[in-house]
There are 2 protein chains.
Amino acid sequence: MATGTLPKNSAGIENVRALAFDVFGTVVDWRATIISEGVALSESVDWGSLANDWMEGYRAQVERVRKGERLWAVLDVFLKEVFGSLVTKYHLDTIPPSQLSVFAGVWHRLKPWPDVLPGLARLRRKFVIGTLSNGNMILLVDMERHSDLRWDCVLSAELPTRYKPDKEAYQIAVDYLGPAPHQVMYVAAHQWDLTAGHKTVGMRTAYIPRPFELGAPPSSDAPDPSYDINAKDFEDLASQLGC
Amino acid sequence: MATGTLPKNSAGIENVRALAFDVFGTVVDWRATIISEGVALSESVDWGSLANDWMEGYRAQVERVRKGERLWAVLDVFLKEVFGSLVTKYHLDTIPPSQLSVFAGVWHRLKPWPDVLPGLARLRRKFVIGTLSNGNMILLVDMERHSDLRWDCVLSAELPTRYKPDKEAYQIAVDYLGPAPHQVMYVAAHQWDLTAGHKTVGMRTAYIPRPFELGAPPSSDAPDPSYDINAKDFEDLASQLGC
């Protein structure tokens, strides 16, 4: 994306009352969780590569839905489909089926980055906090229960049945938690996502770098002065927002 | 409603994985909260009568929406409209405007019945727990934050923009938390609501009596063997569900 292009709203960030969070990559380290659960099953699989393939595979299906090439389905459907192809590619059929079946649900058990729980605890004292994710409702609810995330509400692309970066997927955060766009700040580790949230519905933006989300080499996403806040992590975000 | 008329599904309640809760009356004692905040403002107002009028007033608007006589609007809109008429009827204009303005938002601060927090803590260990309310999202979120309710997710009539007892208002609990109807149990203090949740989308049913929700005389709602569970309160519900 072009950098330095986000117009500022007239109202300052002192009007923000709710924070909406991207989840995969921003809140949870999906790759490390998949590797961790995978290594417990077999040490002869490149779980990091498998994790990246899994993510790219579901993202491809999300894009097909967005382009009208496929009917709406929840993320769990795509994750299951892609996993079927990974079983073949990575020769996972040597793993006992009962263990493989449990592993297939690892996206419901993704663990947060180390700064997330202490940061969210501080942020929640001052702001309504909620998810804004392409994950489906029960996936996000299971993850929240598993990792003791303390969301005030779970918002998902499943509600409008439209995936980010479509406008409707962001609009729900403004409608339910605003209702003015500048009352809601979107927190994400990906420029395409933050920029879409701002440009389509006018949310405030906070960027958090997660350079090793995909392993090495580090992501090309970077802080940008056009975002309202560039924070090092969730604890730094809390400090910058006066929590 | 006719009693003893709910057909049982073939699957037993051992398949239930999520509990959806009606909120006004079932989880929170809206009338006592309104009286409590009201008495602090003035001792010369019949706050119990005002509370009942407020509830009946918003319910009338919900029914107008359901009958197609009025366009969809969130509950906060109706609560504000009705409050305007209550200011006149109960001569609240002697109360300072700043205090009256705070009081008008009392529905965002409703307090739970005494059994609710300990009961929900036990139930949440085993089940996904969420709201299923005609209240709008931010109203439910504010209430959850104010009373430390620990919902796994907040589901509201605002999501499908359809009010209970319309089918669509119940369907979201099954879609997001099931997906099979018998995997979701609806917990409510009102027969009309429980019966609609079961008949329209097939949810399991748990009845909790709140006989003095409206003050005296006690409500005519009563336990019924056709419900899957009749519990004394949330703690008893937890015991009956093995929590």
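Brief remarks on what is shown
- Residue satisfying all of: in the stretch B:157-209; basic (Lys, Arg) and surrounded by fewer than 21 Cβ atoms within 10 Å (Cβ to Cβ); farthest from residue B:58 (Cα to Cα) among these: B:199
- Condition broken by residue A:113, with the remaining ones in (1) more than 24 Å from residue B:140 (Cα to Cα); (2) open to solvent by less than 10 Å² (accessible area, probe 1.4 Å) satisfied: (2)
- Some residue of the stretch A:216-226 being in contact with a strand residue (DSSP E or B) (Cβ under 6 Å, 6 or more places away or on another chain) and open to solvent by less than 40 Å² (accessible area, probe 1.4 Å): no
- Screening residue B:176 with (1) among the aromatic types (Phe, Trp, Tyr); (2) away from every other protein chain (no Cβ under 14 Å); (3) outside any strand (DSSP E or B) gives one miss only, at (2).
- The stretch B:89-110, residues that are in a helix (DSSP H, G or I) and either within 14 Å of another protein chain (Cβ to nearest Cβ) or open to solvent by 60 Å² or more (accessible area, probe 1.4 Å) (or both): B:89, B:93, B:94, B:97, B:98, B:99, B:101, B:102, B:108
- Yes/no for residue B:48 being surrounded by fewer than 18 Cβ atoms within 10 Å (Cβ to Cβ) and either at pLDDT 95 or above or touching a His at 6+ places or on another chain (Cβ under 6 Å) (or both): yes
- Selection within the stretch A:43-88 - closer than 19 Å to residue A:161 by Cβ, of a type outside the set (Val, Ile, Thr) and in a loop (DSSP other than H, G, I, E, B): A:67, A:68, A:69, A:70, A:71, A:72, A:73
- Close pairs from the stretch B:131-154: first within 7 Å of another protein chain (Cβ to nearest Cβ) and closer than 16 Å to residue B:72 by Cα, partner open to solvent by 10 Å² or more (accessible area, probe 1.4 Å) and in a loop (DSSP other than H, G, I, E, B), Cβ under 9 Å, at least 6 apart: B:137/B:74; B:137/B:158; B:137/B:159
- Within the stretch A:45-61, tally of residues that are in contact with a helix residue (DSSP H, G or I) (Cβ under 7 Å, 6 or more places away or on another chain) and over 18 Å from residue A:28 (Cα atoms): 3
- Pair list, Cβ < 6 Å and 6+ apart or interchain, from the stretch A:77-101 residues that are hydroxyl-bearing (Ser, Thr, Tyr) to residues that are at pLDDT 95 or above: A:90/A:45; A:90/A:50
The values are calculated or read from the model by the stated rules, or taken from the named source; none is laboratory data. Bear in mind the structure is a predicted one, so any value in this text is a computation, not a measurement. Note that we place each Cβ from the backbone using ideal geometry, even for glycine, and neighbour counts take in every protein chain shown. Remember, those area values only see protein heavy atoms, side chains included, never the ligands or the DNA or RNA. Shrake-Rupley method; radii C 1.70, N 1.55, O 1.52, S 1.80 Å.
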